[in-house]
Amino acid sequence: MKSNTLFLIFRSMRPKQWTKNLVLFAPLVFSHNLFNQSHLLKSLTAFAVFCLVSGSVYILNDIIDLEQDKNHPIKSKRPLASGQLSKPSAIVFFFLILIVTFISTKIFLNNLFFITTICYLLLQIAYSSFLKHIVIIDVFSIAAGFLLRVIAGAEVIEVTFSTWLLFCTILLSLFLALSKRRHELLLLEDNAINHRKILFEYSPELLDQMISIVTTATVIVYMLYTVSEDTVKNFGTDNLKYTTPFVLYGIFRYLYLIHQKNEGGSPEKVLLNDRPLLYGVLLYGLTVCLILYF
């Protein structure tokens, strides 16, 4: 029974969604520290910490949304919503995971990373409690979660956080958040308001306009970043401009999946299941590393 409970807790932590925490490595890569063993170890530890913290938040979210998730065609299969995992057990493990994680973080990592992690947790709790019910603020809250991950990645190795990285992170995460809302709205149709009341405030047309604005801004900001004076000075090259086609392909492929395949509800699922998109992301990462390090 105990091993089964642990397995259900692990499932409730949604390990597939931990791919979102990979953005923590962006400061490591773009600060020329990828092969610095000390910094790499710290980044890997930070990644593990955020996997545990975000996993505990998913448990909390399932506890808060228990009744609504029972009406969702996909979320109703989760351990809590399906009745496989009891609510008291989920509450106990939520606090246990957080206590162990924060004690370890305080001991082994620096204070700024610890503070950033606390801010991330508070944001996620606020989002699960009330921010997700406020139109537009809900998607900005999701974007802020990605931004705090990147800031944490910079703080843990004590490097300067790039303004360009801030802009690109915000815009790309807004793109993913708006796409997620659009997918939920179309998937649930007339039952949307019963699952998430905030969906009543959106329409496919409004979300498409927002996505269009954010998509355009993302591409322009990234292109400006690759040829900016600061970028050329820091890396000694303007060759990052050659990664732009990969960025364009990734965005276009995601838009194709949103509009033609009715996907986009789970970015991590799309990334892992859509091979062309996955290959595009991997080629982008490989090209960036080749340009910056070789």
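Observations
- Whole-angstrom gap from the range 61-83 to the range 150-181, using each part's C-alpha centre: 29 Å
- Placed amide H near SER86: partners under 5 Å, 5+ positions off or other chain: none
- Percent of C-alpha pairs per 10 Å bin, the range 167-294, short to long: 12, 38, 30, 14, 5, 1
- P(r) tail for the range 201-241: Cα pairs beyond 15 Å make up 54% of the total.
- For the range 1-161, the fraction of C-alpha pairs more than 25 angstrom apart is 34%.
- Counting every C-alpha pair in the range 114-188, the share spaced more than 17 angstrom apart comes to 49%.
- Using the Cβ-Cβ distance between ILE136 and LYS106 with R0 set to 30 Å, the FRET efficiency works out to roughly 0.30.
- Estimated FRET transfer efficiency when R0 is 22 angstrom, pair LEU286-PHE10 (beta carbons, to 0.05): 0.10
- The residues TYR222, TYR242, when put in order of fewest to most other Cβ atoms within 10 Å, stand as TYR242, TYR222.
- Short-range pairs are left out: with C-alpha atoms under 8 Å and at least six residues apart, the relative contact order of the chain is 19 percent.
- For the range 1-89, applying the loop criterion from DSSP together with a ceiling of 12 other beta carbons within 10 Å to the chymotrypsin sites (Phe, Trp or Tyr not before Pro) yields PHE35.
- Measure of compaction for the range 222-294 (Cα Rg per 2.2 N^0.38 Å): 1.27
- Under 28 Å from the Cα of LYS233 - lysines, other chains or at least 8 residues apart: LYS42, LYS241
- Segment LEU122-LEU22, extension gain: residue separation times 0.36 nm, minus the distance between their alpha carbons: 34.0 nm
- Where labels lie 7 Å past Cα in the beta-carbon direction, separation of ALA48 and LEU224 in nm: 4.0 nm
- Surrounding net charge for SER82, when Lys and Arg each add one and Asp and Glu each subtract one, Cβ distance under 10 Å: +3
Every number in this text was worked out from the coordinates using simple rules, so none of it is lab data. Quick caveat: nothing in here was measured; it's all calculated off a predicted structure. When we count neighbours, we look across all protein chains shown, and the Cβ atoms used for this are built from the backbone with ideal geometry, even at glycine.
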